[in-house]
Each structure stands twice: as structure tokens, then as C-alpha cells.
Amino acid sequence: MLDEIRNFPNACKEAFEEKIKLPASYRNVNKIIIAGMGGSSIVGDIISDIFDELKFPIIVSRSYNLPHFADEKTLLICISYSGNTKETLEQIKNGIRKKCRIVGISSNGKLMEIFNRRKLPFFLIKKSNTIPRVAIGYLLFSTIKILHSLGFIKVDKINIANNPEKDAKDVTKKINGTFPIIYSVYPSVAKRFKTQLNENSKIQARWEALPEALHNDIEAFGSLNEKFSLIFIRDKLNERKEIKKSIEFLKRIANKAKVVEIFSKGKSKLERILYLIWFVDFVSYFLAIENGMNPQETLNIKKFKEFVYGKPNL
Ligand code: PA5
């Protein structure tokens with residue numbers, strides 16, 4: 001897994017270089033829904049955080065049903081690395097019924113079968129034999145490529161010049177043994193960190209968006225102690241002065257909780273958010289290894305799928 005995490009910048013570039021053909025009618029939409037679960041669905045959150053130039057709403061749908069407003073004016077991007085996730089497959093059926101402009105992304109599975117059989121636009125993730133959350137570079141940049149090809153966003157070059165591996169090791173040491181509470185103005189990064197800590201490191205964690213946390217979460221700060229770490233994921237170039245002051249305030253009232261700050265690096269917003277995603281992925285991996293956990297295996301997720309859907313859907 002470590003090599004694959006290290007390969008993140010190349011994966012992003014490789015996926016963006018792939019070709020995709022989409023019908024011209026796919027430009028004629030007024031909203032985007034990204035349907036998926038877990039490590040596949042986070043793509044939608046990351047895109048929402050990066051591309052604030054998008055002219056219409058982008059909704060991430062993580063359930064069996066699409067939002068009721070999905071219609072023929074909806075670009076529906078269905079992502080499942082395995083191609084066999086039941087919730088995502090149900091949303092595809094829903095999207096076909098509702099006549100959404102539908103695109104599929106997977107490395108295999110029923111999703112691929114459905115899209116091929118119906119001759120619907122499909123983006124194959126060529127990287128097989130890995131796991132969804134490790135394929136993030138491929139999943140993310142296939143989706144970015146789709147939006148770029150349709151003219152909804154503009155990506156000039158993919159530059160991830162700074163490598164966070166060393167700093168990520170330091171952060172791992174600081175937070176090991178604590179319950180991390182993650183704060184950020186980028187919900188996608190905070191959520192990704194939390195879910196990676198769950199799936200790779202097998203620890204509990206939670207995340208809160210800023211400034212929303214200032215209006216609720218802080219009332220529970222009295223119960224913080226040395227067992228908690230407060231992790232502030234920051235972007236100096238994209239932080240209002242009120243956010244900087246709010247973080248100062250949070251640090252003052254942090255009680256005995258450990259305070260850790262992670263600062264983004266890079267020129268563009270794209271580069272800075274990708275740096276942060278890469279950073280937290282490294283931390284979740286190192287934390288797993290430090291504590292003797294297998295980051296690759298997600299036994300409970302596997303058992304849940306088996307229990308609820310039976311073996312064929314694994
Ligand atoms: O990271 C993981 O392994 C999970 O969160 C999966 O992404 C989730 O179970 C959905 O599977 P898939 O991404 O194959 O649709």
C-alpha cells in the first residue's frame with residue numbers, strides 16, 4: 001500500500017491522460033450528482049472543495065436512491081471501484097429510469113457490465129487488483145477528466161510538487177494513542193482523514209467543518225483531555241482572517257487535548273488540496289503500521305457486504 005500511496009501524483013496524471021467520449025447532450029445539464037459509497041464517493045466531496053468555479057450544484061449521493069430532483073437535466077457520475085457496490089448499482093438503475101445523463105467509472109464488476117451492455121459512456125480504471133481508497137488518484141482524475149471534457153471545469157496541469165511523507169510521519173507520532181478530532185475549511189479533506197483512519201488505521205475519529213464547529217462542537221470542549229488530539233487542517237492562502245482567529249480561539253480552549261496543525265503546500269487550490277489528501281493518506285497508513293494493523297484489509301466491511309447481500313456482491 002505504501003508504494004501505491006507514494007504513486008498518487010502519477011495516478012492522477014495517468015487517469016487525466018485517458019480519453020473519454022461523451023455525447024454533446026451531456027453539456028446540457030443544470031446539476032451534477034456523484035453517486036457512490038465510501039472510498040469511491042469521496043471524489044465528489046474533493047471536487048466540490050477544489051472547483052468553486054462550477055456554475056451549478058454538485059451533490060454527492062451516498063444511498064440506494066438518488067435525490068428526487070434527479071432528472072434529464074442531471075449529469076450523473078456513478079463511481080464504484082469494484083463495480084459491485086449495491087447502493088451504487090441501485091442508484092444507477094434509478095438514474096437510468098429518471099433519464100439522467102449518466103457516466104460510469106469502475107475497474108470491473110456489474111457496473112461495467114451494465115454500462116457496456118447499454119452502451120452508456122464508461123471510464124475504465126485500468127489499475128486493477130487494488131482497493132478503492134488506494135485508487136483515489138485514478139477515481140478522482142477520471143471524474144475531473146469527465147467534467148473537464150464537458151467544459152464545466154478547467155484543469156491546465158496537474159502539479160503535485162511537494163511530498164508530505166516525512167511530515168506525515170511526524171504527525172503520526174503526535175496523534176498515536178489519541179482520539180483525533182479533525183477540523184478544516186475543506187470538509188472533503190477532514191472526512192477523508194476520518195474515513196482513512198477508520199479503514200486503514202482501525203481507529204475511531206471524527207471530523208467537523210469550520211466555521212460550523214464554532215456553533216456547536218465547541219460547547220463540548222470542556223470534556224477534552226490528553227486522550228484527544230485536535231487536528232487543524234489548514235490552508236494559509238485560503239483562510240479568511242476570521243478562520244485564523246477562530247482556530248486561535250479553539251487552541252486556547254483545547255484544555256489538555258494535543259493540538260496538531262497540518263498546513264497545505266502548493267500554488268493552486270487543486271495542488272494544495274491534493275497535497276492535504278496525500279498527507280492524510282500517509283498518516284493513516286503509518287498509524288496502522290505503528291500499531292500492528294493491516295491497512296489493506298477491511299474485514300468488517302467485507303462481512304457487512306456478505307451478511308446483507310450475500311457472497312456474489314463482494
Ligand atoms: O475504501 C473502501 O474500501 C470502501 O469504503 C469502499 O470504497 C466502499 O465499500 C465501496 O466500494 P466501491 O468503492 O468498490 O464501490
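General remarks:
- Filtering the range 55-88 to residues that are among the aliphatic types (A, V, I, L, M), under 18 Å from the mean Cα position of the chain (by Cα) and over 30 Å from Lys311 (Cβ atoms) leaves Ile58, Ile59.
- Flag for Lys31 being touching a residue at least 24 places away in the same chain (Cβ under 8 Å) and open to solvent by 40 Å² or more (accessible area, probe 1.4 Å): no
- Among the candidates Glu72, Glu90, Glu14, residue that is touching a residue at least 12 places away in the same chain (Cβ under 8 Å), open to solvent by 10 Å² or more (accessible area, probe 1.4 Å) and under 29 Å from Val283 (Cβ atoms): Glu14
- Note on the range 220-314: enclosed helices (runs of 4 or more DSSP H) holding 3 or more residues that are more than 16 Å from the ligand (Cβ to nearest atom), in contact (Cβ under 8 Å) with a residue 40 or more places away in the chain and of a type in the set (A, V, I, L, M, F, W, C) are 241-252, 269-290.
- Cβ separations smaller than 7 Å between residues 6+ apart or across chains give the following pairs from the range 146-164 residues that are farther than 25 Å from Lys265 by Cβ to residues that are among the charged types (D, E, K, R): Leu150/Arg27; Gly151/Arg27.
- Residues in the range 131-174 that are open to solvent by 20 Å² or more (accessible area, probe 1.4 Å) and either touching a His at 6+ places or on another chain (Cβ under 8 Å) or hydroxyl-bearing (Ser, Thr, Tyr) (or both): Tyr138, Ser149, Lys154.
- Output for the range 68-100, where each listed residue is more than 10 Å from the ligand (Cβ to nearest atom) and under 19 Å from Phe152 (Cβ atoms): Phe69, Ala70, Asp71, Glu72, Lys73, Thr74, Leu75, Leu76, Ile77, Gly95, Cys100
- Qualifying residues in the range 200-228 (those that are crowded, with 19+ Cβ neighbours inside 10 Å and touching a Lys or Arg at 6+ places or on another chain (Cβ under 6 Å)) - the one farthest from Thr172 (Cα to Cα): Trp207
- When each of Asn65, Asn162 is tested for being at pLDDT below 95 and either assigned to a strand (DSSP E or B) or not charged (D, E, K, R) (or both), the lone residue that passes is Asn162.
The values are calculated or read from the model by the stated rules, or taken from the named source; none is laboratory data. Note that the structure is a prediction, hence the values are computed from the model and not measured. Glycine also receives a Cβ, built like all others from the backbone with ideal geometry; neighbour counts cover every protein chain displayed. Areas reflect the complete protein model, heavy atoms only, side chains present, ligands, DNA and RNA absent. Shrake-Rupley method; radii C 1.70, N 1.55, O 1.52, S 1.80 Å.
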